[in-house]
């Protein structure tokens, strides 16, 4: 199994994570780029995702809302500063559960050969306190479950071909 590796280093306002997939870069990138696919895997199991807008291109922006089984809704929004197909994306990220904090996220899509890839992310927060708040928000379980769902979605798509 391709487990999420999340790193929350002491003393710096960063969070890093990586996750490998048994699918080519182009498929993993496409699942990040298309709002209809994104809504099927993003976030923890049992979460309903409503994408209000999602324009995954340099200069684009996004806004989506997660509603959990408890009925609580959180909004996520930002701007895509750089998007290079099948390679790299830089975006801002705002989470309504931790208001007034904007992080910068750098996503790298790495070809591992053999139809596999690795997604690496580096998130930079404006303060140590903001980083610690995000790390304590349930981010790790949400990312882990979301990427498990992504792998399942890609598996269904590849079997349908």
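Working note: 222 nm ellipticity from helices only, DSSP H runs with n ≥ 4, each -39,500 (n - 2.57), summed and divided by the residues of the chain, gives -9000 deg cm²/dmol to the nearest 500.
Given the chain, what whole percent of its Cα pairs are spread farther than 28 Å? Working shown, then result.
Working: 1970 of 12880 pairs.
So the pairs more than 28 Å apart make up 15 percent of the total in the chain.
Only the coordinates and a few stated rules stand behind these numbers; no lab work does. Since the model is a prediction, treat every value here as computed from it, not as a measurement.
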